[in-house]
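See structure below.
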Amino acid sequence: MLIQINNLTKTYQRHDGAINAVDNLSLDIPKGSYVTITGASGSGKTTLLLILGGLLQPTSGKMKYNAKELDLQKEKDMATFRSNHVGFVMQSFALIPYLTALENISIALNVKENDKDKNRKRALELLEWVGLSDRTTHYPKELSAGQQQRVAIARALANNPDLLLADEPTGNLDPSLSEEILGILKEINQKQGTTVVMVTHSPMAAEYGNTKIQLKNGKLQIIKN
Amino acid sequence: MRLIDLTIKELWHRKSQLTSGLLAITLGIGVIVGIRTISVVSEKAVAVNLDNLGANILVLPQATSVDNYYSADIDAPTFPESYVEKIVTSTLPGVDNMSPKLSRRVKIGNENIVLTGILPKSEIASKPIWQQNGIQGNKVNASCAPKPGTAPAKYLDPKLQRKGIQDLAESDCFVGSAVAQRLNLKEQGTLTIEKKSFSIVKVLPETGTVDDDRVFANLHTVQKLLATGEQISAIEIMGCCSAISDGLLSKMRNILPDTRITTIGQIVSTQIETNRMMNKISLVFLIIILFVGSISIGNYIWANVNERRKEIGILRMIGYHKRHIYYILVLKALIMGIVGGIAGYIVGTLAAVWLGPQFIGIVVSPIYTLLLLSIGLSIFISVLGSLIPAYMAGKIEPFSNMQED
């Protein structure tokens with residue numbers, strides 16, 4: 001099992017009282033699986049994704065990664081966990097605007113490896129893999145939405161993560177581009193064996209997963225394998 | 001891509017922010033460099049001026065009037081020549097060259113002239129006790145004149161040229177320009193005063209002061225001629241400017257209580273006060289710029305951090321630690337500090353070189369050692385200002401990039 005979460009709760013304090021975005025949730029995610037998470041707005045799916053990626057600290061509960069318990073409250077450990085094991089693909093692409101496509105990937109590689117030439121070579125390989133070898137010196141604003149998302153995927157794969165987390169990766173794309181991106185994610189899952197967890201509103205996108213989870217008010221409602 | 005590459009690209013990406021940030025540092029450092037440069041050059045100019053001026057302290061008998069510094073010794077009462085030794089043996093710091101003199105009005109034909117007895121430098125140098133105590137000036141470290149190793153200043157002011165007379169034999173004399181004109185005297189000619197014949201060694205150039213009406217002869221000859229004994233009417237002293245301001249005059253008054261000791265007050269005190277004021281202004285500006293500069297840079301970096309919340313969130317998301325974020329921001333401040341320090345030095349120096357001659361009438365040269373100080377100060381201000389924003393940036397959540405604009 002890649003991830004095991006037990007009794008995970010995330011509570012937000014609001015002016016009208018406390019609200020559990022994730023409510024006492026337990027879930028196992030096997031290695032190599034493709035999990036899609038759906039649910040209405042405010043159901044807690046993005047909060048769950050953030051906790052899985054070590055971006056957000058839960059209020060309570062435990063999480064194991066490769067059977068090893070993570071200290072979710074240690075910010076430093078979680079930063080190392082993210083750089084070593086997790087890749088992120090976001091709806092807004094999350095690219096740095098003043099860096100070229102190549103540099104946006106290199107900056108992720110630099111977290112673990114300082115060899116400039118080695119990083120450049122790896123970044124070029126990734127850009128070629130996502131079909132953008134002719135766009136290495138282009139800035140995000142010079143790329144189409146689909147191309148930007150492909151750069152984001154290449155960056156997410158930079159450090160060979162075991163886990164790829166995608167938050168509405170097709171939310172800003174038209175249907176044909178959405179299928180292209182979903183196809184790339186499926187290929188990553190099937191050919192590289194990377195575990196993919198994707199949050200989506202789209203029923204069509206959710207069908208790409210081999211495990212489909214639906215959340216309601218922070219609780220697991222349906223799991224389909 | 002390394003973090004330094006990222007920092008430089010970000011700086012270049014936001015050129016308008018970079019320009020305004022650099023402008024703030026450059027102006028701040030420029031003001032300090034400009035004031036400091038003028039202040040240092042001004043201090044040197046004062047030292048040279050005082051050296052050119054020669055004596056700036058006059059010791060006179062108690063009853064003398066000092067309406068005019070240059071003529072106060074004429075017909076003044078006298079006091080013993082041994083007072084010179086009293087000053088010398090006291091080893092007061094800040095007392096440089098000394099010159100005793102005796103002045104009296106005498107008549108030559110129908111013309112009134114002033115006969116002044118002075119000791120030439122060679123005669124002063126022949127007195128071992130005066131030498132030991134540094135009466136020649138060079139051995140007195142407290143001198144405000146240029147430091148040892150620098151070329152000795154000349155008496156550039158024509159009014160003071162007679163103070164540099166090296167040799168004056170018993171029957172030689174120097175004559176002022178007005179006396180020479182009225183009595184139709186020429187160099188190598190002779191002049192008879194009170195039945196004593198003098199050879200005219202030199203006719204001094206016109207000075208526009210009472211010195212033009214003087215005839216300078218050897219002090220001991222004049223003492224014999226006027227039958228005053230070993231009496232003098234004044235001692236001219238070159239006092240170090242800083243020593244004067246530190247109470248040299250009152251110390252001298254303790255040694256010679258029955259004398260009147262005065263300075264060319266306006267010249268000395270104005271120059272000292274100007275230098276003091278410049279130093280105070282430098283200090284005040286330094287403190288203001290330390291505060292304002294750090295706050296400005298802090299404000300700039302803070303605005304930059306807010307604008308970059310998403311970017312910082314992205315970096316944190318892909319695994320960068322807080323320390324990397326601190327590093328990026330402090331590195332940015334460091335780069336700005338170095339560039340701002342160099343630019344500030346250039347601007348401040350150019351301003352001083354241009355404004356110095358126009359406003360305070362001194363020629364200002366660049367002080368190269370200030371470059372390192374400028375860079376150091378600029379880095380200090382920039383890095384100090386960036387610390388709080390960098391700390392706050394480290395607190396930005398790694399999912400901040402998910403927040404919509």
Calculate, for B:Asn306 and A:Ile222, the FRET efficiency according to 1/(1 + (r/R0)^6) with r their C-beta to C-beta distance and R0 41 Å; round to the nearest 0.05. 0.50
How would you rank B:Leu350, B:Leu226, going from fewest to most other Cβ atoms within 10 Å of each one's own Cβ? B:Leu350, B:Leu226
Karplus (6.51, -1.76, 1.60) ³J(HN,Hα), θ = phi - 60°, over the stretch A:78-86, in Hz, Gly and Pro reported as x: 5, 5, 5, 4, 5, 5, 8, 10, 10
Over the stretch A:3-224, what relative contact order in percent results from Cα pairs under 8 Å that are six or more residues apart? 31
In whole angstrom, note down how far apart the Cα centers of the stretch A:63-82 and the stretch B:171-233 are. 102
Kirkwood hydrodynamic radius (C-alpha pairs) into Stokes-Einstein, the protein assembly as shown, 4 °C and 1.567 mPa s, D in µm²/s: 41
Please tell me which of these pairs span more than 19 angstrom C-alpha to C-alpha: A:Lys10/A:Lys74; A:Lys10/A:Lys186; A:Lys68/A:Lys212; A:Lys74/B:Lys322; A:Lys31/A:Lys212? A:Lys10/A:Lys186; A:Lys68/A:Lys212
Please give me the summed charge of the neighbours of A:Glu103: other residues whose Cβ is under 9 Å from its Cβ, Lys and Arg +1, Asp and Glu -1. 0
Once all Cα-Cα distances of the stretch A:73-141 are split into 5 Å bins that start at 0, what whole-number percent is in each one? 3, 16, 21, 26, 19, 9, 4, 1, 0
Quickly work out the B:Arg323-to-A:Gln13 label distance, labels modelled 7 Å from Cα along the C-beta direction, and quote it in nm with one decimal. 3.1
Taking 2.2 N^0.38 Å as the expected size of a compact globular protein, what ratio does the Cα radius of gyration of the stretch A:1-112 give against it, to two decimals? 1.18
Simple spin-label estimate for B:Phe359/B:Ser171, 7 Å along Cα→Cβ, in nm, reads 6.1
Suppose R0 equals 22 Å. What FRET efficiency, 1/(1 + (r/R0)^6) with r the Cβ-Cβ distance, do B:Phe291 and B:Leu23 give to the nearest 0.05? 0.80
Give the aspartates and glutamates reachable from B:Lys332 as a straight Cα distance under 18 Å; neighbours fewer than 8 places away on the same chain don't count. B:Asp5, B:Glu10, B:Glu307, B:Glu311
B:Ser197 versus A:Thr137: modelled label distance in nm, points set 7 Å from Cα along the beta carbon direction: 9.9
Using only the Cα atoms of the stretch B:315-405, what are the Rg and Dmax in Å? 19.8, 63
Which residues' amide hydrogens lie under 5 Å from the amide hydrogen of B:Ile261, considering only partners 5 or more residues apart or on another chain, with H built in the peptide plane? B:Leu60
Picking from A:Thr195, A:Thr47, A:Thr36, which is most flexible by a Gaussian network model of chain A using Cα springs under 10 Å? A:Thr47
Fewest to most neighbouring Cβ within 10 Å: what's the order for B:Phe285, B:Phe399, B:Phe216, B:Phe174? B:Phe285, B:Phe399, B:Phe174, B:Phe216
Placed amide H near A:Lys216: partners under 5 Å, 5+ positions off or other chain: A:Gln221
Hey, in the GNM for chain A with a 10 angstrom Cα cutoff, which one of A:Pro58, A:Pro161, A:Pro175 fluctuates hardest? A:Pro175
Under the 0.36 nm per residue contour assumption, what length would be gained going from the current alpha-carbon distance of B:Trp12 and B:Lys186 to full extension? 55.0 nm
Using only the Cα atoms, work out Rg/Rh for chain A, with Rh taken as the Kirkwood radius, to two decimals. 0.97
Distant-in-sequence amide H partners of A:Val196 (H built 1.01 Å from N, under 5 Å): A:Ser33, A:Tyr34, A:Val35, A:Leu164
Two-site FRET efficiency, B:Val284 against B:Glu111, from Cβ-Cβ distance with R₀ of 45 Å, rounded to 0.05: 0.20
Under the Karplus curve 6.51 cos²θ - 1.76 cosθ + 1.60, θ = phi - 60°, whole-Hz ³J(HN,Hα) for the stretch B:336-341, x wherever Gly or Pro sits: 5, x, 5, 5, x, x
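Quick note: the coordinates plus some simple rules give every number you see, no bench work behind them. Note that the coordinates shown come from a computational prediction; the quantities given were computed from them, not determined experimentally. Neighbour counts are summed over all protein chains in view; Cβ atoms, including those assigned to glycine, are modelled from backbone coordinates with ideal geometry.
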